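Values quoted throughout were computed directly from the atomic coordinates according to the rules given, and no laboratory measurement underlies them. What you see is a predicted model, and the numbers here were worked out from it, not measured in a lab. With ideal geometry, Cβ positions are generated from the backbone for all residues, glycine too; neighbour counts draw on all protein chains shown.
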Amino acid sequence: GVQRPESDIIDDAIIAAVDNGCRIIQFSLSVPGTYAIDAALEYANAQNVIVVCASGNDYMNYLSYPASHPSVIAVGAIDQNSRKTNFSNYGVNLSVVAPGVDIYSTTLSSNLYGYSDGTSFAAPQVSAVIALILSVNPYLSCDEARYIIESTAQKIEGYTFDVRDDSPNGTWNEKVGYGIVDAYAAVLAAKTKYIQNH
């Protein structure tokens, strides 16, 4: 069977990644929440390490953990028609969405590739965009990176985006967050900010 992640090693893994100089931590997993993981996520945030998490594939109107933690960037999945997939968890703290259907990637079998569905395949695309924005502006804080990702996301036709007190980076929708991650717009915003700040 597939090895399940264990909560009691996740906190140590986060701390080790932060202490070894990582700028982005990517989680395509869900585990039961613990105070130790909460503390490790807050440590990452305090050290300016951005944590990106898949929202989960449980067909639920709440995010799995650690995507539900307020300090992380939680990513849901859309299909080829820019609709939220039926499996993609959504709701409070959902940040953005990215493609998560028929994604060609490595498989658990050795040396093989295949097509898979899931928020696990959507979240790394957002991590990659954050890597791009840090490449043009390495001085961005976690909050600035989040602002750039969320404020430059593409709105999706057919979804109503509202201004809310708990969505400071633009208009938001519970099914698709701030919209679809937009690599080009995000890099452009990071570069512009770099010129303004330095």
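Apply the Karplus parameterisation 6.51 cos²θ - 1.76 cosθ + 1.60, with θ equal to phi minus 60°, to every residue of segment 74-88 and state each ³J(HN,Hα) to the nearest whole Hz, in sequence, with x for glycine and proline.
Residue by residue, segment 74-88 yields 8, 10, x, 10, 10, 9, 5, 9, 6, 9, 4, 5, 5, 7, 5 Hz.
Looking only at 162, 79, 182, which one moves most when the chain is put into a Gaussian network model with springs between Cα atoms under 10 Å?
162
Pull up all non-local amide H partners of residue 24: gap of 5 or more, or a different chain, and H-to-H distance under 5 Å with H placed in the peptide plane.
HN-HN under 5 Å from residue 24: 50.
Go ahead and estimate [θ] at 222 nm for the chain from helices alone: -39,500 (n - 2.57) per DSSP H run with n ≥ 4, summed, over the residue count, rounded to 500.
-11000 deg cm²/dmol
Under 5 Å between amide H atoms, partner at least 5 residues away or on a different chain: which partners does residue 74 have, H built in plane at 1.01 Å?
Long-range HN contacts for residue 74: 53, 95, 96.
Simple spin-label model, 7 Å along Cα-to-Cβ: residue 20 to residue 188 in nm?
3.7 nm
Applying the Karplus parametrisation 6.51 cos²θ - 1.76 cosθ + 1.60 with θ = phi - 60° to the phi angles of segment 54-61, what ³J(HN,Hα) value in whole Hz is obtained for each residue in order, glycine and proline being reported as x?
In residue order, the calculated couplings are 5, 6, x, 10, 9, 6, 10, 9 Hz.
Separation between the residue 174 and residue 80 pseudo-spin-labels, each 7 Å from Cα along Cα→Cβ, expressed in nm?
Output for this residue pair reads 3.1 nm.
³J(HN,Hα) across segment 157-168 via Karplus (A = 6.51, B = -1.76, C = 1.60, θ = phi - 60°), whole Hz, x for Gly/Pro?
4, x, 10, 8, 9, 10, 7, 9, 4, 8, 10, x
Note the count of lysine pairs whose C-alpha atoms are less than 27 angstrom apart in the chain, limited to pairs 8 or more residues apart or on different chains.
5
Among 110, 95, 82, determine the one that fluctuates most according to a GNM of the chain built with springs between C-alpha atoms less than 10 Å apart.
In this elastic network of the chain, the residue with the biggest mean-square fluctuation among 110, 95, 82 is 110.
Taking Cα pairs under 8 Å and at least six residues apart, what relative contact order does segment 49-145 come out at, in percent?
Working: 200 pairs, mean separation 25.4, N = 97.
It comes to 26 percent, rounded to a whole number.
Which loop-located GluC sites (Glu not before Pro) does segment 100-167 contain, where loop means any DSSP state but H, G, I, E or B and the Cβ has at most 15 other Cβ atoms within 10 Å?
157
Given a Förster distance of 41 Å, report the FRET efficiency between residue 128 and residue 160 from their Cβ-Cβ distance, rounded to the nearest 0.05.
0.90
In the Gaussian network model of the chain, springs joining C-alpha atoms below 10 Å, which of 129, 52, 75 carries the largest mean-square fluctuation?
129
Given (1) 1.34; (2) 1.05; (3) 0.98 as candidate values of Cα Rg over 2.2 N^0.38 Å, which corresponds to the one derived from the coordinates?
Read-out taken from this structure: (3).
In nanometres, what is the gap between the two model label sites at residue 13 and residue 104, each 7 Å from Cα along Cα-to-Cβ?
Using points 7 Å along Cα→Cβ, the separation is 2.8 nm.
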